[in-house]
Amino acid sequence: MAAADERPMEIRKRDIPLSGGRTLRVTEFGNGSIRLAVQAGSPYVVTSLEQIDDGAVVKLSPGREGSNAHRNWVRDHGDAADGREE
């Protein structure tokens, strides 16, 4: 068993190509956890988590698809970071 400050043993990685030159990397760990990483593109946020039957569904949004993720990122990290509302 890994100590609390140790990362669990990585079992395998799988890269799934997405449109627009993006890649979804799924990493499986020995403790049963799974890590999802989107490489390239806008900043992503988790927009919903659902327990469906015996599984879990995670929805990620790049901000252009029905969430304020992109606008919020620009507000927090862009030129308007001085507190001005656009």
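The values are calculated or read from the model by the stated rules, or taken from the named source; none is laboratory data. Remember, predicted model here, so these are calculated numbers, not experimental data. FYI the Cβ positions are ideal-geometry reconstructions off the backbone, even for glycines, and counts take in every protein chain you see. Quick note on the areas: whole protein, heavy atoms, side chains included, nothing else; ligands and nucleic acids left out. Shrake-Rupley method; radii C 1.70, N 1.55, O 1.52, S 1.80 Å.
Per-structure values
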{"item": "Test: Ile52 is open to solvent by less than 90 Å² (accessible area, probe 1.4 Å), of a type in the set (Val, Ile, Thr), on the phi < 0 side of the Ramachandran plot and at pLDDT 80 or above", "result": "yes"}
{"item": "Boolean, Gly63 is on the phi > 0 side of the Ramachandran plot, open to solvent by less than 60 Å² (accessible area, probe 1.4 Å) and modelled with pLDDT under 85", "result": "yes"}
{"item": "Hits in the range 35-49 - residues which are among the hydrophobic types (A, V, I, L, M, F, W, C) and surrounded by 11 or more Cβ atoms within 10 Å (Cβ to Cβ)", "result": "Leu36, Ala37, Val38, Val45, Val46"}
{"item": "For Arg7: the one exception among (1) modelled with pLDDT under 75; (2) part of a loop (DSSP other than H, G, I, E, B); (3) basic (Lys, Arg)", "result": "(1)"}
{"item": "Pair list, Cβ < 7 Å and 6+ apart or interchain, from the range 28-44 residues that are in a strand (DSSP E or B) to residues that are surrounded by 15 or more Cβ atoms within 10 Å (Cβ to Cβ) and basic (Lys, Arg)", "result": "Val38/Arg22; Gln39/Arg22"}
